[in-house]
Amino acid sequence: MTTEQIKKKLQVGDYILASKMLKTTPENVRTRFNRNKPDVLDALSIIIINRENLIKEYRFRKISSVKDE
């Protein structure tokens, strides 16, 4: 995922979660992101991809359960 793609998809809490993954502060993550550091870009990409997949999976299950009723 490119830096521009990440910027468009960033949400509240993403820096906090990435900071926990990388064992650093959210401020440090934000600074490292602005400097295009690979570890931060990777962590934020993983967060965004997993969030999108989780939402899709939840909606699919919810729609499937409504059809079964």
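The values are calculated or read from the model by the stated rules, or taken from the named source; none is laboratory data. None of the values given here were measured: they were computed from a predicted structure. So basically every Cβ, Gly included, is an ideal-geometry build from the backbone, and we count neighbours across all protein chains shown.
For the chain, give me every one of the helices (runs of 4 or more DSSP H) that falls completely inside it and has 2 or more residues that are surrounded by 15 or more Cβ atoms within 10 Å (Cβ to Cβ) and not aliphatic (A, V, I, L, M).
So the answer is 14-22, 26-34, 38-68.
Would you check if Met1 is touching a residue at least 40 places away in the same chain (Cβ under 8 Å) and either in contact with a Phe, Trp or Tyr (Cβ under 9 Å, 6 or more places away or on another chain) or among the hydrophobic types (A, V, I, L, M, F, W, C) (or both)?
Criteria met by Met1.
Need pairs with beta-carbon distance below 8 Å; first residue touching a residue at least 40 places away in the same chain (Cβ under 8 Å) and within the stretch 34-60, second part of a loop (DSSP other than H, G, I, E, B) and exposed (fewer than 11 other Cβ atoms within 10 Å of the Cβ); sequence gap 6+ or separate chains.
Pairs found: Arg51/Gln11.
Among Pro26, Pro38, which is the only one that is out of contact with any helix residue (DSSP H, G or I) (no Cβ under 8 Å at 6 or more places or on another chain) and at pLDDT 95 or above?
Exactly one residue qualifies, and that residue is Pro38.
Could you please give the count of residues in the stretch 3-28 that are over 13 Å from the mean Cα position of the chain (by Cα) and either of a type in the set (Val, Ile, Thr) or on the phi > 0 side of the Ramachandran plot (or both)? Full working, then the answer.
Within the stretch 3-28, the subset over 13 Å from the mean Cα position of the chain (by Cα) is 4, 22-28.
So of that shortlist, the ones also either of a type in the set (Val, Ile, Thr) or on the phi > 0 side of the Ramachandran plot (or both) come out as 23-25.
Qualifying residue count, the stretch 3-28: 3.
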